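Novice: First the structure, then my questions, so here it is.
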Amino acid sequence: MERLNQLIKKQYAKVPKECKIAVVSVIVFGLLAHNYMFTNKLPNYDDMGITGFGATFRLGRWFLWVLGAAVYHLDFSYSLPWINGIVSLVFIAVSAALLVYIFNLKNKLSIILISGMLVVFPSWTATFFFMFTALYYSLAVFLGVLGVFFTVTYRKGYILAVLCTVLSLGIYQAYFPFIASLYVMVLIQNLVQNETIRVREKIKNSFKYLFLLVGSIILYGIITELTLLITGQQLASYRGLDNVGTISIEKIGLIIKEIFTCFASLCLGNDYELSYNVLLKAGYTIAFLFWLIESIICVCILLNQKRKIESIWFVILSLALFISINGICIMCPEPDAVYSLMRYAYVLIPVYPLILADICIENFSGKMNVILCENILTCVIFIMSLTYCHFANAQYLSMDLGLKQTIGFYTPIITQIKSLDGYTDETEVIFIGVNETEIDDKTMYHNDVMRKFDISGRDSILSQTGSLNYLLSIYCGFNPSKLEYYMGEGTRGIDEIEDMPVYPENGSIQMINGKAIVKLAE
């Protein structure tokens, strides 16, 4: 029997050098982009608490419940930035290594940049705002990639692939377009590089992968319905989740428009929260352009090689890839229901042309044009990756400032509450106008300096958070025996409260009927 260190050394030696490069790249780029978040506790509205793993069954996330329950019973259910962040990086790193293996990438610089882009993409920045679920979501991505690996590597790997895909959906459904796009990319790779395989077999594989994905969705849907039946719950209407897969005729046009306006949205504006400056807009424009150029080159080469059917199928698969990358538009037809965390498949827009260039260079002769494309794309992705690192750190700085601002806002309020005549440890404290209401304090600084870096999931001003109880107790150390907070309408008809001025004016914090009242807004 071999010693454990010898077994590890032997297995490590079997890992291709390219995969090791991918892992190192993810760790380096990941720390460059996200270390600020990993080494500070910077909560958003959902991450105010220290424990928990989010909503499960009513959002169709039954496997998240399984994982969360296991972690809870092991006393590991804490929102720990460093631990959750590093574990997430490990899952992303292994996913990147598997992708390098799946696509047989050889160019080391391309591997470094592709792996880096996979971890600095804004979807992860938005995910780390919800640090309590970050490691679960990164596991969902890993499971999806692992399913593709099983399909490509093993003859009957599709069984494990379906299982992995279903479990991934059971954690977070929005990664399905990313998973589906990887399968389409594998089909394109096989179409280009395998001249020995008959065309009929290649087309047959396309339908195999389609059935695999459809089967995964059906199995996931069955399990979801069973868990809802067992728990007596219904799917929530959160971001159109209860209508996923139910597309009305009038929405088909909206979906098609959304899919094909992807180019304009990324290259001309910031509707998707992915291209906030001119460097990123230019990067996506070049990525789309070279996607088109490389596709034309591939079709021409296939035609010159008398592979007409394959050239036609290449065009069909390229169109399918564009649609699958935009698959979140089909899953959630309402544009307002989708935000950057759910658009991880869009990372493939700059990544795919670089992978396609590597495949073409390895398989086609007369490849000078493709090499030029690869060189330009390499520079573009490098610039985009560094820009996204800057973007992530700007987000985390904004959250840091927002938290400090919030603590500074509530600290004098707490002092005044405790200074009220008749206040005791048992006094009920009521905040008015804090939940979903614009606080009327004109002296309060709004975090507008970071407006240009705006992204969903980040609070620009935590003072309006609905998680006031967590904010006051955990971050301000104030934990009254009874705490209530209302919209202004909740106190209509109470003359004493209606006559109170709004904070910070004198008299905005009073004892009324034995209760400490803080009026933040009308």
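Novice: Scan region 20-42 for residues that are over 15 Å from residue 119 (Cα atoms) and crowded, with 16+ Cβ neighbours inside 10 Å and report the count.
Specialist: Total meeting the criteria: 2.
Novice: Here is a follow-up. Just to be sure before I move on: is residue 111 out of contact with any Gly (no Cβ under 9 Å at 6 or more places or on another chain) and modelled with pLDDT under 95 in the structure I sent?
Specialist: No: the conditions fail for residue 111.
Novice: Can residue 340 be described as modelled with pLDDT under 85, closer than 29 Å to residue 110 by Cα, surrounded by 20 or more Cβ atoms within 10 Å (Cβ to Cβ) and under 19 Å from the mean Cα position of the chain (by Cα)?
Specialist: So residue 340 passes the test.
Novice: Is there any pair linking a residue in region 288-304 that is on the phi > 0 side of the Ramachandran plot to one that is among the β-branched types (Val, Ile, Thr), with Cβ under 8 Å and at least six apart or on different chains, and which?
Specialist: Within 8 Å, no pair qualifies.
Novice: Name the residue that is surrounded by the fewest Cβ atoms within 10 Å (Cβ to Cβ), counting only residues in region 93-111 that are within 21 Å of the chain's Cα centre (by Cα) and farther than 13 Å from residue 352 by Cα.
Specialist: 94
Novice: If you don't mind, there's one more thing I want to ask. Tell me yes or no: at least one residue of region 205-219 is at pLDDT 90 or above, over 28 Å from residue 315 (Cα atoms) and aromatic (Phe, Trp, Tyr).
Specialist: No; the residues of region 205-219 include none that is at pLDDT 90 or above, over 28 Å from residue 315 (Cα atoms) and aromatic (Phe, Trp, Tyr).
Novice: Looking at (1) in a helix (DSSP H, G or I); (2) at pLDDT below 85, which one does residue 53 not meet, given that it meets all the others?
Specialist: The number of the failed condition is (1).
Novice: Looking only at region 114-134, how many residues end up being aliphatic (A, V, I, L, M) and more than 12 Å from residue 89 (Cβ to Cβ)?
Specialist: Summing the residues that are aliphatic (A, V, I, L, M) and more than 12 Å from residue 89 (Cβ to Cβ) in region 114-134 gives 4.
Novice: Going by what's in this entry, would residue 411 be described as at pLDDT below 90, under 30 Å from residue 520 (Cα atoms) and in a helix (DSSP H, G or I)?
Specialist: no
Novice: Looking at region 83-110, I want the residues that are under 20 Å from residue 17 (Cβ atoms) and in the same structural domain as residue 39 (by TED's automatic domain parsing) and have a partner that is among the aromatic types (Phe, Trp, Tyr) and assigned to a helix (DSSP H, G or I) with Cβ atoms under 8 Å, at least 6 apart or on another chain. Which pairs are those?
Specialist: 92/124; 92/142; 94/142; 95/142; 98/149; 101/149; 102/149
Novice: So, of the residues in region 463-478 that are more than 25 Å from the chain's Cα centre (by Cα) and of a type in the set (Phe, Trp, Tyr), which turns out to be surrounded by the most Cβ atoms within 10 Å (Cβ to Cβ)?
Specialist: Per the criteria, the residue is 478.
Novice: Using the structure shown, decide if residue 138 is polar (S, T, N, Q), assigned to a helix (DSSP H, G or I), closer than 15 Å to residue 348 by Cα and assigned by TED's automatic domain parsing to the domain that holds residue 65.
Specialist: no
Novice: Might you check whether a residue that is out of contact with any Cys (no Cβ under 7 Å at 6 or more places or on another chain), within 24 Å of residue 456 (Cα to Cα) and buried (at least 21 other Cβ atoms within 10 Å of the Cβ) occurs anywhere in region 68-78?
Specialist: No, because not a single residue in region 68-78 is out of contact with any Cys (no Cβ under 7 Å at 6 or more places or on another chain), within 24 Å of residue 456 (Cα to Cα) and buried (at least 21 other Cβ atoms within 10 Å of the Cβ).
The values are calculated or read from the model by the stated rules, or taken from the named source; none is laboratory data. Everything numeric here is computed off the predicted structure, so don't read it as measured data. Methodologically, a virtual Cβ is constructed for each residue, glycine included, from the backbone with ideal geometry; neighbour enumeration extends over all protein chains shown.
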